[in-house]
1. Within segment 179-216, work out how many residues are out of contact with any strand residue (DSSP E or B) (no Cβ under 6 Å at 6 or more places or on another chain), surrounded by fewer than 13 Cβ atoms within 10 Å (Cβ to Cβ) and more than 14 Å from residue 153 (Cβ to Cβ).
2. Hey, which of the strands (runs of 3 or more DSSP E) in segment 173-236, taking only ones fully inside, have at least 2 residues that are more than 23 Å from residue 72 (Cβ to Cβ) and touching a residue at least 24 places away in the same chain (Cβ under 8 Å)?
3. Residue check, residue 48 against (1) at pLDDT 90 or above; (2) surrounded by fewer than 17 Cβ atoms within 10 Å (Cβ to Cβ); (3) touching a helix residue (DSSP H, G or I) at 6+ places or on another chain (Cβ under 9 Å), all met but one. Which one?
4. Considering only residues that are within 24 Å of residue 215 (Cβ to Cβ) and either surrounded by 15 or more Cβ atoms within 10 Å (Cβ to Cβ) or free of Cβ contacts under 8 Å to residues at least 24 places away in the same chain (or both), which ones fall in segment 51-82?
5. Looking at residue 141, is it modelled with pLDDT of 90 or more, assigned to a loop (DSSP other than H, G, I, E, B), more than 30 Å from residue 19 (Cβ to Cβ) and not assigned by TED's automatic domain parsing to the domain that holds residue 225?
6. With a cut-off of at least 3 residues that are within 29 Å of residue 136 (Cα to Cα), name the strands (runs of 3 or more DSSP E) lying wholly within segment 1-109.
7. Sort through 126, 166, 121 and tell me the only one that's free of Cβ contacts under 8 Å to residues at least 40 places away in the same chain and assigned to a helix (DSSP H, G or I).
8. Which residue, of 213, 224, 167, is modelled with pLDDT of 95 or more and touching a helix residue (DSSP H, G or I) at 6+ places or on another chain (Cβ under 6 Å)?
């Protein structure tokens, strides 16, 4: 027996938290009857689960790593018709969804999956999966300014803090920093650098957990190996 939200996540429809909302909204039926109760259990072998009247079946789990280009949205579809990372995938991988986000202007490593448990392990704050970024900013960043980012800076009522900061290079026109984060709040790198007076002109995510971009070219993707998946979901 599986919890209904877990079944929906394993079917690749959404993350488990998003699946819970589908249930609460009354869009899920079990054996023809609407179910709104979280925690309801189903037997995948005998129960018929439907979403908006269409049968739901568990699909083979897919785990992809992509090097997201700039000017692509991390979403399944965009009502304004802008390009999304789904446009970079062949039709047979269209049942996956992005794990977390990179903003439109950013590039680099992002995972895509139809595995709700995998997505939860990588996005929920309690697991603290670390992500490494390389940011290029306008102007010269002094070492003491970079150090502030590891102590914590205030921005719009929040304290933003990097786990580690390394100043790679700095001159009067541009500086390059490497930052490691564990929380992944919305536009966090850009906001923390803005808080110390610098505008990001290029931002690339180069690592999630132990998985790096390596030689994966911009706009390309690959499947994660079983060993890589294990390193991402195994507790530290």
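1. 4
2. Result: 174-181.
3. (3)
4. Correct list: 62, 63, 64, 65, 66, 67, 68, 69, 70, 72, 74.
5. Details: modelled with pLDDT of 90 or more: yes; assigned to a loop (DSSP other than H, G, I, E, B): yes; more than 30 Å from residue 19 (Cβ to Cβ): yes; not assigned by TED's automatic domain parsing to the domain that holds residue 225: yes.
Answer is yes for this residue.
6. 63-68, 97-99
7. Of the residues listed, the single one that is free of Cβ contacts under 8 Å to residues at least 40 places away in the same chain and assigned to a helix (DSSP H, G or I) is 126.
8. After applying the criteria, what remains is 167.
The values are calculated or read from the model by the stated rules, or taken from the named source; none is laboratory data. Just so it is clear, the model here is predicted, and its values are computed rather than measured. Because the Cβ atoms are built from the backbone with ideal geometry, glycine has one as well, and the counts that use them run over all protein chains shown.
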